[in-house]
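Participant: The following block contains the structure, expressed as structure tokens.
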Amino acid sequence: MIQFCTRAAVFSAGSWGTALGKVLGDAGTNVTMHARRGEIADAINTRHRNPRYFSDVQLSPTVSATTDPAAALDGADFLVLSIPAQSLRESLAVWAPHIGPDTVIVSLMKGIEVGSGLRASQVISKVTGVHAERVAVLSGPNLAAEVMAGQPAAATVACPDETAAFRFQQACRTSYFRPYTSTDVIGCELGGAVKNVIALAAGIASGMGLGDNATAMLITRGLAEATRLATAMGADPATLAGLSGVGDLVATCTSPLSRNRTFGTHLGHGLSVEEAAAATRQTTEGVKSAEAVLSLARVHDVEMPITEVISALLHDKVTLGEAAAALMQRPPKPER
């Protein structure tokens, strides 16, 4: 396993950040979490619990917290980023001066930046000047509540530098969390981003009272969309058949713990986008990323009908009934 001198800074202390912080701590890594609120940092330091997320779960004594980004990053081997994708650029610009010259940056984000169409790893390199060899991605079917409960889970750590991927694999390997390595950053990131959009569709179908056949159809055809886009952008199609592709897609489309599926279910019940956001109460990456994913598809001349319909629905261009009809009444074609 790893040595206790391995240090990770986790930004920030939200739901998935807290879960990955627990995994790292349980693996023996010294973790410093960056919390925006002082009371959360104090609770983690004194009671080893995050009072905002999973307050009933004890964190390892190797997990501490601070509100000072410079202190969190001091001596960190890894900077683990778990913040909303659309606020990454602004936040990272503030934190970048404190990142060490050898720190490996690990993205947990599953979204595409609106406007630029950049993946999180690309934004990280652009803002920090850190070479892609020092930027990794962790992605997979990882529902935070189940990870916090110590239930079995696995993920893919992707990085162009295989050594860096292996190092982080060792830093987060526990009896209940099994990380695999890859060099296909593009495939891992696009699998994670597209599955959020497809999960919105699966949630809508559930909210409308449609059955398991509809969910299975959306998962299967959604995987086809993700694979077409990812391969057009240079990914290995095998990556989309793995944990960060179909694995993440199935978990996010079927679990009531999924934010994106939950948001979609609210839409399927007839709530507006604003009402669904208020009811979900957490960041739902698929809502922001749908338009950005669709823009990438158009740039690369990739057909993504589910993504197109979801984007139109989110922008009030079609009704629920029209969205369902648009997918079911498309011209028949061979399945490839």
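Derivation of every value follows stated rules applied to the coordinates shown; laboratory data play no part. Please read all numbers here as calculations on a predicted model, not as lab measurements. In this analysis, Cβ positions are derived from the backbone assuming ideal geometry, glycine residues included, and neighbour counts consider all displayed protein chains.
Participant: Check segment 122-136 and report whether any residue there is crowded, with 21+ Cβ neighbours inside 10 Å and hydroxyl-bearing (Ser, Thr, Tyr).
Facilitator: The answer is no; no qualifying residue exists.
Participant: Okay, next question. Does segment 85-132 hold any residues that are farther than 27 Å from Phe166 by Cβ, more than 18 Å from the chain's Cα centre (by Cα) and of a type in the set (Gly, Ala, Ser), and which are they?
Facilitator: Once the filter is applied, which keeps residues that are farther than 27 Å from Phe166 by Cβ, more than 18 Å from the chain's Cα centre (by Cα) and of a type in the set (Gly, Ala, Ser), segment 85-132 yields Ala93, Gly115, Ser116.
Participant: Counting only residues that are surrounded by 22 or more Cβ atoms within 10 Å (Cβ to Cβ), give me the helices (runs of 4 or more DSSP H) lying completely in segment 252-306 with at least 2 of them.
Facilitator: Because the criterion is at least 2 residues that are surrounded by 22 or more Cβ atoms within 10 Å (Cβ to Cβ), the helices (runs of 4 or more DSSP H) in segment 252-306 that meet it are 259-268, 285-299.
Participant: Residues Val147, Val114, Val80, Val106: which one is farther than 25 Å from Tyr53 by Cβ, in contact (Cβ under 8 Å) with a residue 60 or more places away in the chain and of a type in the set (A, V, I, L, M)?
Facilitator: The unique qualifying residue is Val114.
Participant: Please name all residue pairs, on different chains or six or more residues apart, with Cβ atoms under 9 Å, provided the first residue is in segment 59-75 and is closer than 14 Å to Arg7 by Cα and the second residue is aromatic (Phe, Trp, Tyr) and surrounded by fewer than 17 Cβ atoms within 10 Å (Cβ to Cβ).
Facilitator: Pairs found: Thr62/Phe4.
Participant: Quickly run through segment 173-221 and pick out the residues that are of a type in the set (Lys, Arg), within 20 Å of Ser258 (Cβ to Cβ) and surrounded by fewer than 18 Cβ atoms within 10 Å (Cβ to Cβ).
Facilitator: Step one: list which residues in segment 173-221 are of a type in the set (Lys, Arg), which gives 173, 178, 195, 221.
Of the ones still in play, those that are also within 20 Å of Ser258 (Cβ to Cβ) are 195, 221.
Listed by number, the list holds a single entry, Arg221.
Participant: So the check is Cβ under 7 Å with 6+ separation or different chains; which pairs have a first residue in segment 203-226 that's under 14 Å from Gly321 (Cβ atoms) and free of Cβ contacts under 8 Å to residues at least 40 places away in the same chain and a second one that's among the acidic types (Asp, Glu) and in a helix (DSSP H, G or I)?
Facilitator: Going by the 7 Å Cβ cut-off, there are no qualifying pairs.
Participant: List the helices (runs of 4 or more DSSP H) inside segment 148-245, counting only whole elements, that have at least 2 residues being farther than 21 Å from Thr265 by Cα, among the basic types (Lys, Arg) and touching a helix residue (DSSP H, G or I) at 6+ places or on another chain (Cβ under 9 Å).
Facilitator: No helices (runs of 4 or more DSSP H) qualify here.
Participant: Quick one: count up the residues across segment 28-51 that are surrounded by fewer than 23 Cβ atoms within 10 Å (Cβ to Cβ) and either under 24 Å from Gly140 (Cα atoms) or hydroxyl-bearing (Ser, Thr, Tyr) (or both).
Facilitator: 3
Participant: Here is a follow-up. How about segment 113-169: which of its residues are basic (Lys, Arg) and over 21 Å from Val197 (Cα atoms)?
Facilitator: Within segment 113-169, Lys126, Arg134, Arg167 qualify.
Participant: Return the total of residues in segment 83-97 being of a type in the set (S, T, N, Q) and in contact (Cβ under 8 Å) with a residue 60 or more places away in the chain.
Facilitator: Residues of segment 83-97 of a type in the set (S, T, N, Q): 86-87, 91.
Filter once more, keeping what is in contact (Cβ under 8 Å) with a residue 60 or more places away in the chain: 86, 91.
Residues meeting the conditions: 2.
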